[in-house]
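The values are calculated or read from the model by the stated rules, or taken from the named source; none is laboratory data. Not measured: the values here are computed from a predicted model. Every residue, glycine among them, receives a Cβ derived from its backbone with ideal geometry; neighbour counts consider all protein chains shown. These area figures cover heavy atoms from the full protein model, side chains too; ligands, DNA and RNA do not enter into them. Shrake-Rupley method; radii C 1.70, N 1.55, O 1.52, S 1.80 Å.
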Amino acid sequence: FRGDLGERAQREIRESSLAERGLLDYDAIDGLWAQHRSGRGEWAFQLWNIYNVSVWHDLWVAGRARA
């Protein structure tokens with residue numbers, strides 16, 4: 001999550017249908033990404049779960065397929 005996959009996941013979380021609902025604090029999530037990338041925190045598990053919920057919401061709730 002410190003490389004290309006992390007950048008893609010962060011972007012997809014921000015652009016997800018879940019983000020459009022405003023249910024989570026996405027500035028705080030961006031802070032977790034920054035801490036994780038810099039090595040100041042180990043947030044891979046939490047970020048992976050947020051990513052999966054975002055993808056799940058896009059597919060099963062909003063009906064958006066990802067390419």
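Can you pull out the residues in region 52-61 that are open to solvent by less than 50 Å² (accessible area, probe 1.4 Å) and either farther than 12 Å from Q10 by Cα or of a type in the set (A, V, I, L, M, F, W, C) (or both)? Scanning region 52-61 gives V55, H57, D58. Scanning region 20-34 for residues that are surrounded by fewer than 15 Cβ atoms within 10 Å (Cβ to Cβ) and assigned to a loop (DSSP other than H, G, I, E, B) yields a total of 3. Has region 43-51 got at least one residue that is open to solvent by less than 30 Å² (accessible area, probe 1.4 Å), touching a Leu at 6+ places or on another chain (Cβ under 8 Å) and in contact (Cβ under 8 Å) with a residue 40 or more places away in the chain? Scanning region 43-51, I find at least one residue that is open to solvent by less than 30 Å² (accessible area, probe 1.4 Å), touching a Leu at 6+ places or on another chain (Cβ under 8 Å) and in contact (Cβ under 8 Å) with a residue 40 or more places away in the chain, so the answer is yes.
Taking the criterion of being out of contact with any Asp or Glu (no Cβ under 9 Å at 6 or more places or on another chain) and farther than 11 Å from L47 by Cα, the residues of region 16-30 that qualify are A19, E20, R21, G22, L23, L24, D25, Y26, D27, A28.
Being surrounded by 13 or more Cβ atoms within 10 Å (Cβ to Cβ) and charged (D, E, K, R) holds for only one residue in R37, R8, and it is R37.
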